[in-house]
Every structure is written in structure tokens, then in C-alpha cells.
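J.: Sharing a structure here in C-alpha cells format.
The values are calculated or read from the model by the stated rules, or taken from the named source; none is laboratory data. Being a predicted model, the structure only gives us computed values, none of them experimental. Here the Cβ is made from the backbone with ideal geometry for all residues, glycine too, and neighbour counts use every protein chain on show. Quick note on the areas: whole protein, heavy atoms, side chains included, nothing else; ligands and nucleic acids left out. Shrake-Rupley method; radii C 1.70, N 1.55, O 1.52, S 1.80 Å.
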Amino acid sequence: QVQLVESGGGLVQPGDTLRLSCAASGSIFSIYTMGWYRQAPGKQRELVARIFNGGTTYYSDSVKGRFTISRDNAKNTVYLRMDSLKPDDTAVYYCNANYALSNYWGQGTQVTVSS
């Protein structure tokens, strides 16, 4: 079992920066592929960024060049740095841990980008 707790969301203005954190506990963090997803009102949950256990990263086209995912295996934490935020980035952001058939979700953190 893995427990995931996100933090760092909030209300920001367009162009601002936020850093989300996801602290994991309960298992061997380093083996998991970690991801950030988001879900806006009335829309399906979508993958934003992913970091594999070897450090390779993937980004959706909508955030590529603006968001950076990273992980600190010593702290069992994955981060999402979000630069140049846009109103379209407004959503609940969820942390995900995946390994083989195991898949875990955090409770989500709200990010609102508005002037």
C-alpha cells in the first residue's frame, strides 16, 4: 500500500509559479512511476506529467516547456513546478503512483489561475 498526500495548491494569477508536492509513504517509493494528473470541472482526468523510476520524464503537450516534474527518492516526494500558469491550468491536481498492477491516488489539491 502507498499513501499519497499532495500539497502546494492555491489561487494564483496568470503568469505566476506554483510548486506542488506529493509525499508518499508505505512502500518502496523509488520503484514507482510517479505522475501528476489534473481534472477540470466537467472534463475527464488527464495526465500532465510523469517521471519513471530511472528519472525519464514525460509531459503532455499542453504543459511542455512550462511544467517540470522531479522526484527526491530520499524524501519519498515528487514535485511539479508550474511556471507561466494560465487560466486553462485551473483544475484539481492529483498525484499518482504506479508499479505493475498497483495504482494509487492522492486526494488532490486545487489550483486556480485567475486574475
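J.: So for the chain, taking the charge dipole from beta-carbon charges (+1 Lys/Arg, -1 Asp/Glu), which of G8, G54, N98 sits furthest toward the positive end?
T.: Going by the Cα projections, it comes out as G54.
J.: How large is the dipole of the stretch 14-115 about the Cα centre if only Lys and Arg carry +1 and Asp and Glu carry -1, each at its Cβ, rounded to the nearest 20 debye?
T.: That gives a dipole near 100 debye.
J.: Tell me, in nm to one decimal, what length is gained between T57 and S7 on full extension, where the rule is 0.36 nm per residue of separation less the Cα-Cα distance?
T.: 15.9 nm
J.: Which lysines have a Cα less than 28 Å from the Cα of K75, not counting those fewer than 8 places away in the same chain?
T.: Reachable lysines: K64.
J.: How long is the gain from T68 to L47 if the chain were fully straight, where each residue apart is worth 0.36 nm and the alpha carbon distance is subtracted?
T.: My answer for the length gained is 6.2 nm.
J.: Using a 1.4 angstrom probe on heavy atoms only, work out the carbon and sulfur share of the accessible area of the chain in %.
T.: That fraction is 47 percent.
J.: Follow-up question, since we're still on this one. Distance between Cα centroids, the stretch 1-65 to the stretch 94-115: provide it in whole Å.
T.: For the stretch 1-65 versus the stretch 94-115, the Cα centre distance is 6 Å.
J.: For the stretch 45-115, report the convex hull volume of the alpha-carbon atoms normalised per residue, in Å³, without decimals.
T.: 109
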